[in-house]
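These notes are about the structure you will find just below.
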Amino acid sequence: RRDVKHSDDDLHKGGPNIDLPNHNSYDSKKVEPQFGKPKSVLQGSRGSDDSVIMGPTATLKKNTLGNFEPVIKQSVGPGENGEPVFHDMSEDREAKRQLQQYGFNMVVSDKIAMNRTIPDTRLDECKYWHYPTDLPSASVILVFHNEGFSTLVRTVHSVINTSPPQYLKEIVMVDDFSDKEHLKDKLEEYLRQFKGLVKLFRNSQREGLIRTRTIGAQHATGDVIIFLDAHCECNRNWLVPLLARIRYNRKIMAVPTIDGIDFNTFRVRPVYSHGTHYRGIFEWGFLYKESEVPQRELDRRAHFSEPYRAPTHAGGLFAMDRSYFFELGAYDDGLLIWGGENFELSFKIWQCGGEIEWVPCSRVAHVYRNHMPYSFGKLDTKIPIIQINYMRVVEVWLDDEYKEYFYTREPSVRGYDIGDISKQLAFKKEHKCKSFKWFMNNIAYEVFDRFPPPPPNKHWGMLEQEGSSDCWDAVGWSVGRNAEIYHCHKMGGSQLFRLNTKGQLASGERCLIPKGNHVQVTVCPTDPSGHWEYLDDTKQMKDTLSGKCAGHDANSNVISMLPCDSSSKLQQFTFTQIKQF
Ligand code: UD2
Ligand code: MN
């Protein structure tokens, strides 16, 4: 067991509001650590699945003397402590305009101090961890495309204010070909105050966030790279717990817990209530999901606030050893603009010998936009680029049986030309990476409980009404709404349906279920079955439970459940497969 030492030399001056760490002013009587009895022996012992659990990265002590706990000086002002801020009535038009442009309310953001404090959302126990001081240095990488000014530079301030300077080597900013005026000279001038600690690079063409991150990593010089979105605020002592995990094992990707910043009020709120841990998983269309950490994983640890392993992560915020990132080939450079890169890196890490850990004591808040404000540029693809990205990941990292689950969930993209993946396949072979089955059985084992393998599709396509150009529509997949009938737009989306061999009718990740006299859009039940039957000869959609058939209400957009009448054109529908390419 390595000796954990700490010295007062590590003291440094933090930003205007936050001193990191102040060893002497802590009142230890105020908060008592919750020392649970360790459930199992820590420090490199072997768990039941024969893997090494938790390493000597930190020790839990009864005081915070000598660890990295900051003392926060509370300021007064709009948004302090993460309180919500509102704009005046007179600013309403401008606020709406900015919301439209950035996906968040820049009028409100502009009112909030660059160094505002946010609430400590960590578990109490987090204050008492003592970390080693011989930690790797970090380069924080911020890639951005047409971001708002105050949110972008507040991210920079926040990183500096909350990071012990001896570990923050630099902040690497990469501008992904923005065209907003405030991101040009004004930004460069603003960044001068940081005297070289913040480095700015610019792409000469739009690369998308994925390639831009790799570019940022190439410019970085720290031992560890940490990616953050360009609209984040870091919480107390967020950096050290991440670095400590990588110091213990350089093949660990360490992921902070992401709290939410409201896009309208910039209120900061913890993402989860205390007492439950979540981790990143996926469903078979590769929509990212978070789910309670299985007990089996929790039991590998001794203390509730310790890191735990996770199958994947949201994408934006994580720390990795820089050279390990490049040993893995960085991101697949065939991935376009946005989406799926989290799965690519995650599967590659797990299948090729690394680990992903979520670190509950490291928390960073992120503004979730209300909509995506930017376009994907002029890419000439016939299916959505996100699907192309998913297909690249699926074709490289999934075994055949699992690939089939994806194409069952997304039947209309099967066969699309996704470009060259030979480099990725060669990497997988050379590094003797494990199978997806291994990953599913050992790491992502709750995925099958939440999202069982989808039975094959019996029919899929648009559900087109006979003799018309009208189609079933799951209207934006809004849960609780009734499905309706609209002009067939042939773009897939919520007009693309699948009927599986077990009678479940679905569109995307939503299901359609007869409810009263209508057909309701619902969250799919875990069991992928239902009561729909498609009658090939009469072209009717029948509910075998009620014996009724679906029909277009002649005078409205409504789909009704009616007594079956095979002669009525209003009850005749065909599944028309959509070829988007
Ligand atoms: C989530 C991730 C994001 C990324 C994405 C999937 C979190 C909190 N966010 O979406 O990091 O993994 O899923 O790919 O996990 N940007 C560019 N060039 C572009 C587009 C975006 O540099 O062409 C920048 C953008 O300014 C921002 C970052 O990339 O700093 C992430 O973009 P986002 O905030 O729009 O993505 P988000 O949070 O919806
Ligand atoms: Mn974001």
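Miscellaneous remarks
- Overall dimensions of the chain as given by Cα atoms, namely Rg and Dmax in Å: 26.0, 86
- Gained length - Met491 relative to Gln101, 0.36 nm times residue gap less alpha-carbon distance: 137.9 nm
- Prolate/oblate/rounded call for segment 187-242, Cα gyration tensor, a/c under 1.5 rounded: oblate
- The loop-placed chymotrypsin sites (Phe, Trp or Tyr not before Pro) in segment 444-514, going by DSSP, that have at most 16 neighbouring Cβ atoms within 10 Å of their Cβ come out as Tyr445.
- Listed pairs Lys403/Lys434; Lys382/Lys423; Lys539/Lys569; Lys382/Lys490; Lys127/Lys289 exceeding 20 Å between Cα atoms: Lys382/Lys423; Lys127/Lys289
- Computed from the C-beta positions of Arg414 and Gln295 and an R0 of 35 Å, the FRET efficiency is 0.40 to the nearest 0.05.
- For peptides 72-83, 228-239, sequence by mean Cβ density within 10 Å, most packed first: 228-239, 72-83
- The Rg/Rh ratio of segment 373-486, with both radii computed over alpha carbons and Rh defined as the Kirkwood radius, is 1.04.
- Here is the tail figure for segment 111-218: Cα pairs spaced more than 25 Å apart come to 29 percent of all pairs.
- Protection proxy ranking for 413-420, 504-511, 564-571, using the average of other Cβ atoms within 10 Å per residue and placing the highest first: 504-511, 564-571, 413-420.
- In terms of packing, defined here as the mean over residues of other Cβ atoms within 10 angstrom, the peptides 141-147, 100-106 line up highest first as 141-147, 100-106.
- Based on alpha-carbon atoms, the Kirkwood radius and the radius of gyration of segment 416-570 give Rg/Rh equal to 1.10.
- Glu430 versus Glu533: modelled label distance in nm, points set 7 Å from Cα along the beta carbon direction: 5.6 nm
- Distance histogram for segment 117-171 (every C-alpha pair counted, 5 angstrom bins, percent rounded to whole numbers): 4, 14, 19, 20, 21, 14, 5, 3
- Loop trypsin sites (Lys or Arg not before Pro), segment 430-499, which have at most 11 other Cβ atoms in a 10 Å radius of their Cβ (DSSP): Lys432
- Debye-sum result for segment 258-322 in log10 I(q)/I(0), which assumes one identical scatterer on each alpha carbon, at q = 0.12 Å⁻¹: -0.40
Read-outs throughout are calculated quantities, based only on the coordinates presented, and are distinct from any laboratory measurement. From a predicted model like this one, the values you see are computed outputs, not experimental measurements. Reconstructed Cβ throughout: ideal geometry from the backbone, glycine too, with neighbour counts over all protein chains shown.
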